[in-house]
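Below you'll find the structure, written out as structure tokens, and then a few comments.
The values are calculated or read from the model by the stated rules, or taken from the named source; none is laboratory data. Note that the structure is a prediction, hence the values are computed from the model and not measured. Backbone-built Cβ (ideal geometry, glycine too); neighbour counts: all protein chains shown.
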């Protein structure tokens, strides 16, 4: 099991080993959320939910700019079409999963605010 993966570096023709957690932060955020719930630390729970919402938004931006990013690296000597095709196939499913998790996080923040009597300020709390 690898903790990293090869990623193009700085638009050059070399690759670096990128830590996996930088590319897939959702499991870390979910672990943080579960830890906060288990320890009953509301600030950790709210923070994890806010970060999950932010991740959902950032993931949408990254997904919709992916095609332009591919155009930028197509001419590099290390460009590997099969790797890019696999990445594209996984990108849609990942984007849907992370965006859905972000929506659930928004719902959790709203529900929490309503239960505390702050329903009108729920979205401000994000």
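Pairing residues of the range 53-68 that are on the phi < 0 side of the Ramachandran plot and in contact (Cβ under 8 Å) with a residue 60 or more places away in the chain with residues that are surrounded by 14 or more Cβ atoms within 10 Å (Cβ to Cβ) and in a helix (DSSP H, G or I), at Cβ distances under 6 Å and at least 6 apart in sequence or on separate chains, gives 53/102; 53/105; 53/106. Determine if the range 72-80 includes at least one residue that is at pLDDT below 85, part of a helix (DSSP H, G or I) and surrounded by 10 or more Cβ atoms within 10 Å (Cβ to Cβ). So far as the range 72-80 goes, yes, one or more of its residues are at pLDDT below 85, part of a helix (DSSP H, G or I) and surrounded by 10 or more Cβ atoms within 10 Å (Cβ to Cβ). Residue pairs whose Cβ atoms lie under 8 Å apart, sitting 6 or more positions apart in sequence or on different chains, and linking a residue in the range 81-101 that is in contact (Cβ under 8 Å) with a residue 24 or more places away in the chain to a partner that is outside any helix (DSSP H, G or I), do not occur here.
If I filter the range 26-36 for residues that are farther than 30 Å from residue 108 by Cα and at pLDDT 85 or above, do I get at least one hit? No, the conditions are met nowhere in the range 26-36.
Could you look through the range 81-95, keep only residues that are surrounded by 13 or more Cβ atoms within 10 Å (Cβ to Cβ) and under 18 Å from residue 57 (Cβ atoms), and pick out the one that is farthest from the chain's Cα centre (by Cα)? Going through the qualifying residues, I end up with 91.
Of the residues that sit in the range 106-124 and are at pLDDT below 75 and in a helix (DSSP H, G or I), which one is nearest to the chain's Cα centre (by Cα)? Write out each step before concluding.
If we filter the range 106-124 for residues that are at pLDDT below 75, which is where we start, we get 116-124.
Checking the rest, the ones that are also in a helix (DSSP H, G or I) come to 119-121.
On the way: 119: 27, 120: 28, 121: 25 Å.
Looking at the filtered set, the residue picked out is 121.
Pairing residues of the range 37-49 that are within 15 Å of residue 101 (Cα to Cα) with residues that are not in a helix (DSSP H, G or I), at Cβ distances under 9 Å and at least 6 apart in sequence or on separate chains, gives 46/125; 49/126.
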